[in-house]
Amino acid sequence: MNMDKLTIKELPEDERPREKLLAKGSQSLSNAELIAILLRTGTRRDSAVGVAQRLLKKYEEPGIAAFAGLTPHELSQESGIGPAKAVTIAAAIELGKRLHDLAAAERPIIRSPQDAAYLMMPRLRFETKEQFIALMLSTKNHVLATPVISLGTLNASIVHPREVFRQAINYSAAAVILVHNHPSGDPSPSKEDIDLTARMVDAGKILGISILDHVIIGDKRYVSLKEKGII
């Protein structure tokens, strides 16, 4: 079955962009799915996702950044995108620019494991379940985002490298620091923590996105696997 040819209504409910966003959060959506939500409808030949995919393919180089320079008039010339949809996309891009400019001056810089730990400790210290978070870093180690990759049980968190690196690619991250908490308060790494870190480091080497550290947060304490020589 060719998923690109299905209408939005024919897709499984958990794969429809709007429903997927509500269920899994906006960060789980691809660029095409996010654009499809702005478009709302497609054409007789293509779903909204199909129109978005075609648009992204046209601007494959330099990528989604090309949208920042497109005018509503230019967007409206694309098949399936009239003036109203073009204005909606342009407005969303402008909001993104303004948020980016606002956040740029406030982005913390991670220079050490302690910086990462102190940034995340208030957020994780009192959590009763494990949260696995990835600190997305720019080339200058500014924090771009801190998405939650996994919510675990009281003593375990299931994480797959693809989830981490999907987010890293979405944020154009140059490097990643892994962070998770131990609800027990003891940040000592488990064998599972060490094994998972090794898998992430290996995957990062293949993709060209460095895993700089894995910081485990406890109660007023933390452990850096980088400092321990494990990474």
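Brief remarks follow.
- The set of residues in the range 76-85 being under 15 Å from residue 32 (Cα atoms) and either part of a helix (DSSP H, G or I) or of a type in the set (Val, Ile, Thr) (or both) consists of 81, 85.
- Taking the range 34-69 as the range and being assigned to a loop (DSSP other than H, G, I, E, B) and under 24 Å from the mean Cα position of the chain (by Cα) as the test, the residues that pass are 40, 59, 60, 61, 62, 63.
- Residue, nearest to residue 169 (Cα to Cα), within the range 194-219, restricted to residues that are touching a Ser or Thr at 6+ places or on another chain (Cβ under 9 Å) and not in a strand (DSSP E or B): 204
- Of the residues making up the range 34-92, those that are on the phi > 0 side of the Ramachandran plot and touching a Lys or Arg at 6+ places or on another chain (Cβ under 9 Å) number 2.
One line per residue, one yes/no per condition, for (1) aliphatic (A, V, I, L, M); (2) within 22 Å of residue 230 (Cα to Cα); (3) at pLDDT 90 or above; (4) in the same structural domain as residue 217 (by TED's automatic domain parsing):
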| residue | (1), (2), (3), (4) |
| --- | --- |
| 156 | yes, yes, no, yes |
| 165 | no, yes, yes, yes |
| 173 | yes, no, yes, yes |
| 182 | no, yes, yes, yes |
| 186 | no, yes, yes, yes |
| 194 | yes, yes, yes, yes |
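- Checked against (1) modelled with pLDDT under 90; (2) buried (at least 16 other Cβ atoms within 10 Å of the Cβ); (3) closer than 13 Å to residue 181 by Cβ, residue 145 meets all criteria but (3).
- Near pairs, Cβ below 9 angstrom, 6+ apart or cross-chain, from the range 123-135 (within 28 Å of residue 174 (Cβ to Cβ)) to any residue that is of a type in the set (Ser, Thr, Tyr) and assigned to a strand (DSSP E or B): 130/150; 131/150; 132/150; 133/150
- Close contacts from the range 153-168, counting a first residue that is of a type in the set (Ser, Thr, Tyr) and a second that is at pLDDT below 90 and outside any loop (DSSP other than H, G, I, E, B), with Cβ to Cβ under 7 Å and a gap of 6+ residues or different chains, come to 157/150.
- Output for the range 192-231, where each listed residue is of a type in the set (Gly, Ala, Ser) and farther than 19 Å from residue 163 by Cβ: 218, 224, 229
- Of residues in the range 96-123 being modelled with pLDDT under 85 and aliphatic (A, V, I, L, M), the one surrounded by the most Cβ atoms within 10 Å (Cβ to Cβ): 103
The values are calculated or read from the model by the stated rules, or taken from the named source; none is laboratory data. Values in this document were obtained by computation on a predicted structure and should not be read as measured data. All Cβ positions, glycine included, derive from the backbone under ideal geometry; neighbour counts span all protein chains shown.
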